[in-house]
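Data first, discussion second: the structure below is written as structure tokens.
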Amino acid sequence: MDRFSRPSAGVGGRRPENECKGVLSTDIAIDLGTSNVKIYLDGKGIVLNEPAVVAVNAETNAVVATGREAYAMVGRTSARIRVSHPLSGGVISDFDLARYLISVYLKKINAGRVVMPRVVVSVPCKITEVEKRAVVDAVSAAGMRKICLIEEPVAAAMGAGMDISAPHGVLVVDVGGGTTDMAVLSLRGIAVSRSLKVAGNAFDGAIVKYIRRKYNLIIGQRMAESAKIAVGCVFPRKELLTFRVKGRNAMTGLPQWVDLSSDEALEALIDSAMQIVRTIQEMLEKTPPELMGDIYTDGMVLTGGSAMLYGLDRLLAKKTRMKVTVADDPQDCVALGAGKAIQFIDDLENKAYGVPNPLSAAY
């Protein structure tokens, strides 16, 4: 068995009794996010939410930790441990590690113990055929009998409770960790869509560069993320907040800290936020007039973890001159929507069914 093969079921190949009582043939949905992997179990909801991180021994290439244990090691490892993110920009960047990670997480929920389940996987809307195939191969290696893909804006809209089955335009913007996917939806399909690799990770990187440029202070991604959550904003706050960031002075090499204010965070993040604004404006220019009328009436819905960044909804409302709503539990919308799409797996085979299907492909 190689280092990335599926973990064994138990000692001597025998499965523990409690694991045999797991799922028999329940279908599942997977949100393969850049930051987190979420697994939805049909009838039970989201049963797993773990960071998409793997720690590897650099000398032996053996996996040391996955998920939260590996995330705790980010920026704090010795030279012998390498922490990797197998998913980058919404797609697989390290196939072997991604396959291993998916296998471990599916084993945690006891999927595929007796009958191999069917699975719905969310993917970015502008993904290439090669990137699609990498996702399908990584998931099928974990023992799935059928894999269906759903584009993230479609899943996000369904998870946010929006009705996308009618001939009525709906605008959804999913701001995740690696990508921002946006689309105008109608009849369970995409009329116009855009995808750009500016999202939560880009916001973190912007804070790292700003503090390095202004204070000559080098900080890590996790410290930048903490600062973003505490004082980050893309629209002026009513009260001035501060957050102490700690790192290494680039000139002396000694420990140093500075208090980052929310006004400074705004200065650091606004350029990345405006890239999202300009992409939305460009997409709206290509939207058919009838759908545009529907969107103007209903407004846009924000989903994804980074949709909770302070002021993003207000900035978009100001620049697009339409109502902007942040969905309930925006970070879970894609996983919930992919779970709702499980019911359409059978319809994908029945071409005479007559109802537009939100699933984009089946393998």
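The values are calculated or read from the model by the stated rules, or taken from the named source; none is laboratory data. Keep in mind the model is a prediction, meaning the values are calculated, not measured. We place every Cβ from the backbone using ideal geometry, glycine too, and count neighbours over all the protein chains shown.
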Find all pairs meeting these conditions: Cβ atoms under 6 angstrom apart; at least six residues apart or on different chains; first residue within segment 63-76 and touching a residue at least 60 places away in the same chain (Cβ under 8 Å); second residue surrounded by fewer than 16 Cβ atoms within 10 Å (Cβ to Cβ) and not aliphatic (A, V, I, L, M).
-> 74/222; 75/222
Residue hits (segment 135-154; within 30 Å of residue 272 (Cα to Cα), out of contact with any Pro (no Cβ under 8 Å at 6 or more places or on another chain) and touching a residue at least 60 places away in the same chain (Cβ under 8 Å)) are 135, 149
In segment 118-135, what count of residues is obtained for those that are of a type in the set (Gly, Ala, Ser) and farther than 19 Å from residue 182 by Cα?
-> 1
Given the structure, is residue 238 modelled with pLDDT under 95 and in the same structural domain as residue 205 (by TED's automatic domain parsing)?
-> yes
Restricting segment 78-97 to residues that are in a loop (DSSP other than H, G, I, E, B) and more than 21 Å from the chain's Cα centre (by Cα), the residue that is modelled with the highest pLDDT = 80
Would you check if there is a residue in segment 70-87 being of a type in the set (Gly, Ala, Ser), crowded, with 21+ Cβ neighbours inside 10 Å and touching a strand residue (DSSP E or B) at 6+ places or on another chain (Cβ under 6 Å)?
-> yes
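Can we say residue 294 is among the acidic types (Asp, Glu), more than 21 Å from the chain's Cα centre (by Cα) and under 20 Å from residue 168 (Cα atoms)? Spell out how you get there, then give the answer.
Working: among the acidic types (Asp, Glu): yes; more than 21 Å from the chain's Cα centre (by Cα): yes; under 20 Å from residue 168 (Cα atoms): yes.
The answer is yes for residue 294.
Residues to consider are 223, 162; find the one that is in a loop (DSSP other than H, G, I, E, B), touching a strand residue (DSSP E or B) at 6+ places or on another chain (Cβ under 6 Å) and buried (at least 19 other Cβ atoms within 10 Å of the Cβ).
Details: 223 fails: in a loop (DSSP other than H, G, I, E, B).
Just one listed residue meets the conditions, 162.
Residue-wise test of (1) in a strand (DSSP E or B); (2) of a type in the set (A, V, I, L, M); (3) modelled with pLDDT of 90 or more.
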| position | (1), (2), (3) |
| --- | --- |
| 18 | no, no, no |
| 30 | yes, yes, yes |
| 37 | yes, yes, yes |
| 47 | yes, yes, yes |
| 68 | no, no, yes |
| 76 | no, no, no |
| 100 | no, no, yes |
Residue within segment 101-122 that is surrounded by fewer than 17 Cβ atoms within 10 Å (Cβ to Cβ), free of Cβ contacts under 8 Å to residues at least 24 places away in the same chain and out of contact with any Pro (no Cβ under 9 Å at 6 or more places or on another chain) present | no
